[in-house]
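Novice: Attaching a single structure in structure tokens format; questions to follow.
The values are calculated or read from the model by the stated rules, or taken from the named source; none is laboratory data. Only a predicted model underlies this, so the values are computations on that prediction, with no experimental measurement involved. Cβ placement follows ideal geometry from the backbone for every residue including glycine, while neighbour counts extend to all protein chains displayed. Accessible surface is based on the protein model in full, side chains and every heavy atom, while ligands, DNA and RNA are left aside. Shrake-Rupley method; radii C 1.70, N 1.55, O 1.52, S 1.80 Å.
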Amino acid sequence: MPHTTLYLPFTASPRGSWNVRRNADLVGQFATRDEAMRHALSLVESIGAHVGEPVELKVEDEDGTWHLAEVPEGPGRRI
């Protein structure tokens, strides 16, 4: 079954933007990690509801490791 992966890479630069990516495509740039996370969670909900495919959100930590973010349960959402 097809699914979508959203990515929230870590940004070390104090002036850098926090990006949200859908697969390889940039879907948003934000001044703070909190803003980027809110946008990513909104996309998880929207894609799950409208497209009907599973969505996962991967977040990069400061040390470079990636983990699946916990997102609210719902149709099309994958934790």
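Novice: Counting only protein heavy atoms and using a 1.4 Å probe, what share of the accessible area of the chain belongs to carbon plus sulfur, as a whole percent?
Specialist: 49 percent
Novice: Determine ³J(HN,Hα), in whole Hz, for all residues of the range 61-71 in sequence, where each value follows from phi through the Karplus function 6.51 cos²θ - 1.76 cosθ + 1.60 and θ = phi - 60°; x replaces Gly and Pro.
Specialist: Per residue, the Karplus-derived 3J(HN,Hα) values read 7, 4, 7, x, 7, 10, 9, 6, 6, 7, 10 Hz.
Novice: Here's a follow-up. Highest first, please rank the peptides 7-17, 38-48 by the mean number of other Cβ atoms sitting within 10 Å of their residues.
Specialist: 38-48, 7-17
Novice: Mind checking the per residue accessible area of the chain for me, 1.4 Å probe, whole number of Å²?
Specialist: Normalised by residue count, the accessible surface of the chain is 63 Å².
Novice: Using the Karplus curve 6.51 cos²θ - 1.76 cosθ + 1.60 with θ = phi - 60°, work out ³J(HN,Hα) for each residue of the range 14-29 in order, rounded to whole Hz, and write x for Gly and Pro.
Specialist: x, 9, x, 9, 8, 9, 10, 10, 10, 6, 9, 8, 6, 10, x, 10
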